[in-house]
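Throughout, read-outs are computed from the coordinates displayed, never taken from laboratory work. These numbers come from a predicted model, not from an experiment. No Cβ is skipped: glycine too gets one built from the backbone with ideal geometry, and neighbour counts run over all protein chains shown.
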Amino acid sequence: MHDEDELETIRQRKRAQLQEQQVAQAQEEQQATLEAQKQVILRQILTEEARQRLTNVKLVRSQLAEAVEVRLIQLAQQGAISGKLTDDQLKEILRQIQGQKRESKIDIRRL
């Protein structure tokens, strides 16, 4: 009896482990799909130079790059982007978003 209980406990743990792995794998696949869709949209709305700049920014400041990507995709979905954005236009968007982030910074100085 004791062995059967132990065996059932092991089986339950194994099932739980497999379910966790399946959930994790599904989430990874969903993330990969979303990233691929995002890249397709960015290829459609950015010139090669602008995409390269965004990739470089992502390496250094990933949160800023994410914010820019989200903003660009929103603009594209709203139809606000006609043609491909150039590197100079992307620089301006980067400055605007970076400026918004700076304004929200709060310094607390203690004496």
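Step through the residues of segment 3-17 one at a time and calculate ³J(HN,Hα) from phi using the Karplus curve (6.51 cos²θ - 1.76 cosθ + 1.60, θ = phi - 60°), rounding each to whole Hz and writing x for Gly and Pro.
5, 5, 4, 5, 5, 5, 4, 5, 4, 4, 4, 5, 4, 4, 4
Do any trypsin sites (Lys or Arg not before Pro) in segment 20-111 lie in a DSSP loop with no more than 10 other beta carbon atoms within 10 Å, and if so, which?
Qualifying residues, ordered by number: K105, R109, R110.
What label, among [x] 116; [y] 196; [z] 95, belongs to volume of the Cα convex hull per residue in Å³ computed from the structure on display?
It is the one labelled [y].
Check the chain and count each lysine pair with an alpha-carbon distance under 27 angstrom, considering only pairs eight or more places apart or from different chains.
Lysine pair count for the chain: 11.
For n ≥ 4 DSSP H runs only, could you compute -39500 (n - 2.57) per run for the chain, divide by its residues and tell me the 222 nm figure to the nearest 500?
-28500 deg cm²/dmol
Quick check: residue separation of Q63 and Q30 times 0.36 nm, minus the Cα distance between them. What number comes out in nm?
Gain in length upon complete extension: 9.9 nm.
Could you tally the net charge around K84, taking each other residue with its Cβ under 14 Å from the Cβ of K84, Lys/Arg +1 and Asp/Glu -1?
For residues surrounding K84, the net value is -1.
Once you have the Cα-Cα distance between K38 and N56, take 0.36 nm times their residue separation minus that, and quote the gain in nm to one decimal.
Additional length available on full extension: 4.8 nm.
What relative contact order, as a whole-number percentage, does segment 2-102 give when Cα pairs under 8 Å and 6 or more residues apart are counted?
After rounding, I find 29 percent.
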